[in-house]
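See structure below.
The values are calculated or read from the model by the stated rules, or taken from the named source; none is laboratory data. These numbers were taken from a predicted model, which means no experiment stands behind them. Backbone-built Cβ (ideal geometry, glycine too); neighbour counts: all protein chains shown. Note: areas computed on protein heavy atoms with side chains; ligands, DNA, RNA excluded. Shrake-Rupley method; radii C 1.70, N 1.55, O 1.52, S 1.80 Å.
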Amino acid sequence: MPESTDLKPKLYDTMERKVRELAPSDGETYRFYCCGPTVYGPAHIGNFRTFVLQDVFRRMLELSGLKTKHVRNVTDVDDKTIRDSIKAGQSLKDFTESWKARFHADAAALNLLEPHLEPGAVDHIPEQIALIEKLIAAGCAYASADGSVYFRIAAFDDYGRLSRVRERELKAGAGESVAAMDADEYDREAVGDFALWKARKPEDGDNFWPSPWGEGRPGWHMECSAMAMRYLGETFDLHGGGVDLCFPHHENEIAQSEAATGKPFALHWFHSAHLMVDGGKMSKSVGNLYTLADLEAKGYTPAEVRYVLASGHYRQPLNFTLASADAAHQALGKLAKAAAALAARAGDPAPPRYEDLPALRGALGPFAPAWEALCNDLNTPDALGKTFGALKGIDVEKITPDEAAAHFRALHFVLGALGITLPEAAPAEEAPPEIQALAQRRWEAKQAKDWPAADALRDEIKAAGWIVKDAKDGFELERE
Ligand code: AMP
Ligand code: ZN
C-alpha cells in the first residue's frame, strides 16, 4: 500500500470511461471549471449535491498537496432569468444579483470553498462574440436569416464522443434523435445544430446586446466555453457538472471549443449523479423540492444537510429523506463526541486550520484508510465508514496525550477533506438525584460483588434513559 503522502487522487473520467489519476497538465496548478447555478431562484439541495461533491473534489486535490484554480460560472442570462426578472418587474441585473447573493449565503452555510473566480455570462459578451466569429471563419457556424447563429455539428467529426449520443440515436432508431433532445430552435441547416447566438425576440424585453449578426444574446453553451478558455486556457485539466449537463451542454461546449481552437478542451470530465428525494425526482408539485432554507425551517442544520449530500458515492444517485437528515444529525453528534474526547485527552488543542492540513498527510495513522478511500475515485461513503472504523479502534482511556493529539489532528484532516463541520458538543447533562442514587446503589452492589443486583440496577437506570459506566473511582452517567 502506498504511503498516504504519495497517494495520487484518482477520479472516473466520463470521456475515457475509466478511473484516471489527477495531475496538473502544466505541472503546477490543477485548473478546473464547474458549471454554476442559473440564478433565477434559490438553488435546491439537488444543485447543492453537485456543488458539495465538487467541493470535496477540490479539497481532495488541495489536501493531496496540489495547487488548484477553480472557476465556477453564474448563468445570469437565459430564458428563465429573463422571463422571471420581467415578471418580478426588476432589471435582469438586479434580479440575478439578488439570487446570486442568496446562492453565496447558502454556499457559505454549506461550507463550500469559494471558487477562485466566478464569472457571469453578461460580463463576457465580447469573449462569446469573438468565439462565434472564429467558428464562422472556420466554417463551423453560420448565421440564419433572422440573425441567429448556429453551430454546424456536421463540421465536427467528434460530436457525441462524451455522451455517445450518436450511438444512443442509432440504438433508438427513429424514435429518439439529437434534435428531439434539444429541440427549441428551428431555422437550422440540420436538426442537431445548436444556437451560438440567439436573435432578439420581443419576449427578451431590454435584454439584448449588439453583435455582427444583429441584436440578441449568446446561447447558453457559449458562456461556459468562452469563460473556461478565458480563465483557464484553451486546454485545461477538468470540467464538471451534474450528469444532466453531459448532453447537450457539455457535448456542445466541446464541439464549439475544439472546433475553434483545434486543441483538446477539458482533459477530464467529472459528472455527478442526481439527488432524488423520497425515492423520486424532486418536484415542486409533489412538495419535495427542498432548498436549504426549507430544511433549516424543519430544524436541520446546514452541516447536517452537507453530511447527507456528501455521504453517497458521486456516481450513484442519492436518495434524500428526512430520515437520512436525522441519521446525519446522529452521525455528526458521534463525531463531535469522539473529537471532544480526543481533545480532552490531548489537553484541548485547537483544531488544525484548513491551510495546515496538507502537512498532516503523512501522519494519519488509523485514519489513513479513510483518506485512501477518498483518493480512490472520491469514495465519500467509504471514507466516512473508515473514519468511524478508526474511531472505534481508539480507546481514549488507553492512549497517551500525544497519541490523542495525533488522532485529533488526523480526524480533522479527514473532516476537512470532506468539509464536515462539527456541532458544538452539547454540555453533559446532569443526571437527576434519583438516577444518581440508583447508580450509587449499583456501585455499592458491585463493590460487594453482588452482580445480579448490579445488573438489575443498570437495567433500571437504562429504562429511565441513562447509561451508567464505570469510571476510575465510581461511575459516570450519560444520556442514552
Ligand atoms: P442549474 O442551476 O440548473 O444550472 O444547475 C446547477 C447544477 O446543479 C448543475 O451542475 C446541474 O447539473 C446540477 N443539478 C441539477 N439538478 C440536480 C439534482 N437533482 N441532483 C444533482 N445535481 C443537480
Ligand atoms: Zn456550463
Fill in: Fraction of accessible area attributable to carbon and sulfur, region 23-99 (%, probe 1.4 Å)
48
Worksheet item: Between Gly242 and residues 5 or more places away or on another chain, which pairs have amide H atoms under 5 Å apart, with H built 1.01 Å from N, and which residues are they?
Response: Ser272
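How much accessible area per residue does the chain have, counting only protein heavy atoms and a probe of 1.4 Å, in square angstrom?
About 46 Å² of surface per residue is accessible.
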Worksheet entry | Calculated P(r) of region 262-352 - Cα pairs past 19 Å, % | 56
Item to complete: Let me know the Rg and Dmax you get for region 412-463 when you use only its Cα atoms, in Å.
Response: 18.4, 50
Worksheet, complete the sentence: Ranked output for segments 213-221, 31-39 by mean other Cβ atoms within 10 Å, highest leading, reads 31-39, 213-221
Practice prompt. Can you give me the P(r) profile for region 11-138? Cα pairs, bins 5 angstrom wide beginning at 0, each as a whole percent.
Written response: 2, 9, 16, 18, 17, 16, 13, 7, 3, 1
Worksheet, complete the sentence: Sorted largest first, the Cα spans of region 386-480 on the principal axes come out in Å as 48, 25, 20
Worksheet, complete the sentence: Taking region 371-416, the equivalent ellipsoid from its C-alpha gyration tensor has semi-axes in Å, biggest first, of 23, 11, 6
Discussion item. Let me see the P(r) profile for region 212-325: every Cα-Cα distance counted, bins of 5 Å, each bin given as a percent of all pairs.
Written reply: 2, 10, 16, 17, 12, 12, 13, 10, 6, 2, 1, 0
Practice prompt. Beta carbons within 10 angstrom, averaged per residue: use that to sort the peptides 373-386, 291-304, highest first.
Written response: 373-386, 291-304
Discussion item. As an exercise, take the mean of 1/r over every pair of distinct alpha carbons in region 249-309, invert it, and state the Kirkwood radius in angstroms.
Written reply: 15.0
Response to the item:
Other residues with Cβ under 13 Å from the Cβ of Ala331 give, with Lys and Arg +1 and Asp and Glu -1, a net charge of +1
Worksheet, complete the sentence: On the accessible surface of region 356-426, probed at 1.4 Å with all protein chains in place, carbon and sulfur together account for a percent value of 55
Worksheet item: Do any of Lys298/Lys334; Lys10/Lys298; Lys67/Lys298; Lys198/Lys263 go past 29 Å between their Cα atoms, and which?
Response: Lys10/Lys298; Lys67/Lys298
Discussion item. Cα atoms only: what Rg and Dmax, in Å, come out for the chain?
Written reply: 27.4, 99
